[in-house]
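Taking it in order: structure first as structure tokens, then the write-up.
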Amino acid sequence: TTPQPLNLAATFNTTLSYQAGIWASRDTRRAGINWLFSPLLGISWNPIWSRVYETFGEDPVLVGSMALAMTQGIQEVDDSSGIVPSRAAACGKHWVGYSIPHNGHDRAPSWVPIRHLYQYFLPPWKRVLPHILTVMESYTEIDGVPNAANRQTLQTLLRNEMGFQGMLVTDYHEIFNLFEWHHTAKDRTAALRQSLQEG
């Protein structure tokens with residue numbers, strides 16, 4: 001068992017983060033699963049948020065370095081252990097601005113000034129996106145728009161500006177939550193259509 005990411009980050013040791021990724025991949029693949037919902041690339045700026053311990057802290061440079069090392073550990077090919085599959089996919093989460101909910105509640109909306117988005121929240125992603133195989137969008141709203149159907153963050157920013165070509169996955173139940181939680185769709189069918197068109 002390895003420490004939580006926040007404790008790993010406190011060591012400033014990317015080798016430990018890399019090794020944690022290797023061990024997590026090994027143990028997960030032993031169960032026949034080759035996909036890990038890790039690492040979390042949010043920067044921890046709201047101390048009352050309930051998931052601070054899942055982050056690598058508040059510094060974008062450190063978050064990017066530790067997350068990249070963990071990603072490389074997770075996705076490293078392992079032919080020596082005899083475990084099938086021999087490689088796992090990492091999944092960076094949660095795209096984007098998820099880690100700063102305005103009131104600290106986990107599903108609360110985030111309000112991120114555009115300068116802060118580019119100066120602080122995107123640098124960790126810039127380090128990791130060229131290497132990671134999958135990305136999970138967040139189940140929150142950023143600046144009032146649910147991330148599951150946010151053309152600006154998913155198409156313009158992630159795909160076009162950042163050049164991510166891997167698989168994008170929604171967080172838990174998030175397409176239907178466009179209808180049930182965010183109320184931007186009139187029913188589940190409309191929610192599905194909205195997610196496909198915008199995301």
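The values are calculated or read from the model by the stated rules, or taken from the named source; none is laboratory data. A quick note: this is a predicted structure, and the numbers were derived from the prediction, not measured. Positions of Cβ are backbone-derived with ideal geometry, glycine not excepted, and every protein chain shown enters the neighbour counts. For accessibility, only protein heavy atoms count, side chains too; no ligands or nucleic acids. Shrake-Rupley method; radii C 1.70, N 1.55, O 1.52, S 1.80 Å.
So is residue 173 farther than 26 Å from residue 197 by Cα and either in contact with a Phe, Trp or Tyr (Cβ under 7 Å, 6 or more places away or on another chain) or open to solvent by 10 Å² or more (accessible area, probe 1.4 Å) (or both) or not? Judged against the criteria, residue 173 is not a match. Looking only at residues of the range 24-58 that are more than 15 Å from the chain's Cα centre (by Cα) and among the aromatic types (Phe, Trp, Tyr), we find that the one that is surrounded by the most Cβ atoms within 10 Å (Cβ to Cβ) is 49.
The residue that is farthest from residue 170 (Cα to Cα), among those in the range 8-23 that are crowded, with 16+ Cβ neighbours inside 10 Å and not β-branched (Val, Ile, Thr), is 16.
Of all the criteria given as (1) farther than 22 Å from residue 11 by Cα; (2) part of a loop (DSSP other than H, G, I, E, B); (3) modelled with pLDDT of 95 or more; (4) not hydrophobic (A, V, I, L, M, F, W, C), the one not satisfied by residue 58 is (1). Restricted to the range 12-41, and to residues there that are of a type in the set (Gly, Ala, Ser) and assigned to a helix (DSSP H, G or I), the residue that is nearest to residue 88 (Cα to Cα) is 25. If the condition is being open to solvent by 10 Å² or more (accessible area, probe 1.4 Å), among the aliphatic types (A, V, I, L, M) and part of a strand (DSSP E or B), then the range 89-107 contributes only 89. For the range 108-122, taking the residues that are over 12 Å from the mean Cα position of the chain (by Cα) and open to solvent by less than 30 Å² (accessible area, probe 1.4 Å), the one that is farthest from residue 43 (Cα to Cα) is identified as 108.
Got a sec? Which of 154, 192, 178 is closer than 17 Å to residue 93 by Cα and surrounded by 14 or more Cβ atoms within 10 Å (Cβ to Cβ)? Don't jump to the end; show me each part of the working.
Numbers: 192 fails: closer than 17 Å to residue 93 by Cα; 178 fails: closer than 17 Å to residue 93 by Cα.
When all the criteria are applied, what remains is 154.
Pairs are defined by a Cβ separation below 9 Å, a sequence spacing of at least 6 or placement on different chains, a first member in the range 104-120 that is closer than 21 Å to residue 182 by Cα, and a second member that is of a type in the set (S, T, N, Q) and surrounded by 12 or more Cβ atoms within 10 Å (Cβ to Cβ); the pairs so defined are 104/46; 106/140; 107/140; 108/140; 109/140; 110/99; 110/138; 110/140.
Look at residue 133 and say whether it is open to solvent by less than 50 Å² (accessible area, probe 1.4 Å) and within 15 Å of the chain's Cα centre (by Cα). Lay out the reasoning, then the answer.
On the way: open to solvent by less than 50 Å² (accessible area, probe 1.4 Å): no; within 15 Å of the chain's Cα centre (by Cα): yes.
Here the answer is no, as residue 133 does not meet what is asked.
Tell me, which residue of the range 61-106 that is closer than 20 Å to residue 51 by Cα and of a type in the set (Val, Ile, Thr) is farthest from the chain's Cα centre (by Cα)? Step by step, filter the range 61-106, then rank; the result is 61.
Look at residue 128 and say whether it is under 26 Å from residue 53 (Cβ atoms), in contact with a Leu (Cβ under 8 Å, 6 or more places away or on another chain) and of a type outside the set (D, E, K, R).
Working: under 26 Å from residue 53 (Cβ atoms): yes; in contact with a Leu (Cβ under 8 Å, 6 or more places away or on another chain): yes; of a type outside the set (D, E, K, R): yes.
When the stated conditions are applied, residue 128 passes them.
Within the range 63-82, identify whether any single residue is part of a loop (DSSP other than H, G, I, E, B), open to solvent by 70 Å² or more (accessible area, probe 1.4 Å), small (Gly, Ala, Ser) and at pLDDT 90 or above, and answer yes or no. Checking the range 63-82: not a single residue is part of a loop (DSSP other than H, G, I, E, B), open to solvent by 70 Å² or more (accessible area, probe 1.4 Å), small (Gly, Ala, Ser) and at pLDDT 90 or above.
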